[in-house]
Each structure stands twice: as C-alpha cells, then as structure tokens.
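So the structure is just underneath, and the comments pick up after that.
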Amino acid sequence: MVMGLAVSTLRYTSCRPLQEALRTRLREVAATHVRYGYRRLTVLLRRDGWKVNAKRVYRLYDQEDLKVRSVERKKISRRQRISHGPATGPNQCWSADFVSDKLTDGRSYRILTVIDQFTRECVAMEADRSLQGKHVVAALTDAIVERGQAPRSITQDNGSEFTGRALEAWAIQHAVELCFIRPGRPVENGFIESFNGRLRDECLNVEWFGSLHQARERLAKWRHHYNISRPHSALDDQSPASFASGYKSQAACFTPIERNTASCGPRQGFAAPAKNAALDPVPHLPENARYRGEALFEIAHARGSLLSLWSQLQARQSSSREL
C-alpha cells in the first residue's frame, strides 16, 4: 500500500499530445499512396513541412493500422536458377509450359506443351481437364520413349505441377536437371512462349472444339503438321523434323571412324612391300616363361646390340624344342 492506493491500480498516464492533425494528414497520404511504407510516407510528410522523424511516423503508422500487407513468397533455394547457354544439339534442353482453352460448352481444359530448344520439335503435347504432376511425368516418359533419349535439362516456370515431388523424383531417376525461371519472367523461357503463341494463333483461335476427345485429335494433327511440314523461320524455313534429320546426317559425317591399321593396304604414294623383303624383324619376347625372364634380364644388363641378344635367345629356344 502506498498512500492508501494499491499498486495494481496505479498506472502511468501518457502526457504526449494526440497529434490529431498529423494523424489526419498521415491517413490522407496513406490513402493516396496505398502501397507506400512508413519511410516513404515520412519523406512525403517532410515535403509538406512536417518536422517529424521516421520513428514518430512509424508509431502513428502502427497505431492507425496502416501497415502494408505483403504476401510472403515461398523459399525455393533448392531450385536451379543459373542461366544456361543455348543448346548445341538435340535432346540437350527441353522447355515445358501450359496453355489454357475452353470447349464449346464453356468447360476449361489445359494443354501441356514440351519442345526441343535446338530442333524446335514439339516432343510432347497433352490435353486434359486437369493436369497434375503425375500427368506431366507420364507425358515426359512417353516423349523419352518416342525419342529414345532423355534430355539433360528442362526449362520451366514455378507452377505447382513442375515444383511437386512427382516431377522432382522423376528428374532424379532420369538424371534430368530442372531449370526454373524467375517468377514473373516468362521471357527467360522464350522458346516455349513463342511456340504457345503459334499454337494459339494457328490452331486454338481458328477452331472450336466440342469435346476433349476432338481437341486431342486436332492437336495431334497440328503437332504432326508443325513437326513435319510447317516451315520455321529460325531454321532457315525448314521444318523441325527436316532440320533434325539434316543435323544428324552432318554429325555422322564428322564422326571419327576407327580403322584397323594392321589390315589396311599401303597408303597413297608408297609401294606395297615385297613378301620376302630383307627387313629387320621386330624383336618380340619369347612365349616361354623361362626364356622370357632370361631375355628381360639380358636386355636390362646388355651393353651390345639388342637384336643380337634376341637372335641368340631365339636360337636357344628353337634348339631346345628339337631336343
């Protein structure tokens, strides 16, 4: 007890002025610039002549509940964001993305598109009402079976279908590197964005599908036309399939061929040697283990001609066989 008052009832009362004028002006500026934080609002207040610092503005900013609500992004440190150079051959790098469209009855469906960045071939195109990670894995597996080889990497965005565990486990199993573009930067996956633009302009905007089965049939025909017949300006007006076959034939021409020099004939400009030419024979170690060890010892301690030592050992070996 202090002077007849309980300690629990004794509280400090703030003597600070309410600063209603500053609060009103702060609310007005915050309503005009809804995405500004307290630091930028402090700068604007100082421009208006208010002598305030950031700490006071933050206190009033917090009391008036003017904090900017920001969405916290997921931490995706495990994803690869290192920019890769351009592909220099087929099946080095693929690109994948989704395209959305609607049927005649208003129902939506999605299309998974996958292309080869080097040959520009459409390696996979799958349409369904709902496409999840398992559908992406099945489409990529069928594409590998069709092409006979898995890519080294796949460039894609940060959608839930590409960031799930199903695709990550598939990539580890097939030793495929998943390269994710930065959020909001579709230009980093320009190959697939360009392909999707051609798909929408030449197919989806031209025809109207009544069912999902009809859409799948028409998309399969358009994919075949794109790969086989459609000229591509980036490939010198060749079709992707024609460019790929031409690249394979050129690569085969420059592949080194191993030759057996022992069975080859004489090189150009040199005459073939006679069968019984008087050439020095090439010394070989005897096959007998006893004479082989003796030959190695004699060669290591020899001071004369090695050919003469070899002749002596050959003569001794032949004489021992006759006996």
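Panel note: the C-alpha atoms of region 176-251, placed on their principal axes, show extents of 45, 35, 25 Å (largest first). Between residue 194 and residue 169, the C-beta separation translates, for a Förster distance of 51 Å, into a calculated FRET efficiency of about 0.95.
Checking the Cα-Cα distances for 67/134; 102/248; 221/248 against a 32 Å cut-off, the pairs over it are 67/134; 102/248.
None of the figures in this text is laboratory data; all of them are computed from the coordinates on show. What you see is a predicted model, and the numbers here were worked out from it, not measured in a lab. As a convention, Cβ positions derive from the backbone with ideal geometry for all residues, glycine included, and neighbour counts pool all protein chains shown.
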